[in-house]
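Worksheet: the structure to be examined is printed underneath.
Read the figures in this text as sums done on the coordinates, not as results from a lab. As the structure is a prediction and not an experimental result, all values here were calculated from the model. So basically every Cβ, Gly included, is an ideal-geometry build from the backbone, and we count neighbours across all protein chains shown.
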Amino acid sequence: MEKSLLDLLREGGLILYVRHGEATVGEDQPYIHFQNCCTQRNLSELGRRQAIYYGDIVRYLRIPIRLPIQASPFCRTIETAQLAFGRVPVQINPFWFEVYKLDANPLGKEHTLNTLQSILEMKPPKGTNQVIIAHGFPDHIGLGQISNMGTVIIRPLGIGKGYEVLKKLSLEDFAALVSSQ
């Protein structure tokens, strides 16, 4: 019998790549200062509620999470992690800024995608899932477009062996796992 997605999540060994919650309308300033949230788009009120709801779902479903949570250096990704998972350690990884810049930096695209491949091949310790909170991708590049608080569930196959995308879920799809148990 094939295991359900929820069984696989509870078993661990997966990566949950999550796009941050809805951000305010507008654009990040050209010279972003990561410690100054005024230079970037931040979570909207809906985005904050989405992040809290996401964390509630993870806890309710008893999905084991590996700490620290990884996040992009933007205020909206860090706040998403803190609202979803509370006072847990959040590791800021500047690499996720490269994902954010994929459209604007065609020269660095190959390097960024190779690094992404390496990160997504790393298996988390047994019994846990790695959560990465970052950004969507341009269409048909990397993990592709991801909705606000959408999750791409990835099975790492090991260094040099690639990875498998098991499922791409919107926040609503993720919440529907509650009724599937």
At R0 = 25 Å the Cβ-Cβ FRET efficiency linking residue 59 and residue 3, nearest 0.05, sits at 0.75
Of 33, 140, 111, the most mobile residue in a GNM of the chain (C-alpha springs, cutoff 10 Å) is 140
The simple spin-label model distance between residue 11 and residue 170, using points 7 Å out along Cα→Cβ, in nm, is 2.9
Between the alpha carbon centres of the range 137-176 and the range 14-59 the gap in Å comes to 17
Quick calc, the chain, dipole around Cα centre from Cβ unit charges on Lys, Arg (+) and Asp, Glu (-), nearest 20 debye, gives 560
Over the chain, the sum of -39500 (n - 2.57) across DSSP H runs of at least four, divided by residue number and rounded to 500 deg cm²/dmol, gives at 222 nm -10500 deg cm²/dmol
Using the Cα gyration tensor of the range 14-117, the equivalent ellipsoid's semi-axes, largest first and to the nearest Å, work out to 24, 18, 11
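Over all distinct alpha-carbon pairs, what is the Kirkwood Rh of the range 131-181 in angstrom?
12.2 Å is the Kirkwood radius here.
What do the square roots of 5 times the Cα gyration tensor eigenvalues come to for the range 36-91, in whole Å, largest first, as semi-axes of the equivalent ellipsoid? Working shown, then result.
Numbers: eigenvalues 86, 40, 8 Å².
The three semi-axes for the range 36-91 are 21, 14, 6 Å.
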Residue separation between residue 141 and residue 126 times 0.36 nm, minus their alpha-carbon distance, gives in nm 2.5 nm
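Compute the signed sum of charges (Lys and Arg +1, Asp and Glu -1) over the other residues within less than 9 Å, Cβ to Cβ, of residue 159. Before the final figure, lay out each step's value.
Numbers: positive: 123, 161; negative: 121.
So the environment of residue 159 carries a net charge of +1.
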Over the range 68-181, the quotient of the Cα radius of gyration and 2.2 N^0.38 Å is 1.07
Out of 29, 130, 50, a Gaussian network model of the chain with alpha-carbon springs under 10 Å gives the largest mean-square fluctuation to 29
Any residue on another chain or 5+ positions along whose placed amide H is under 5 Å from the amide H of residue 150 is listed here as 19, 171
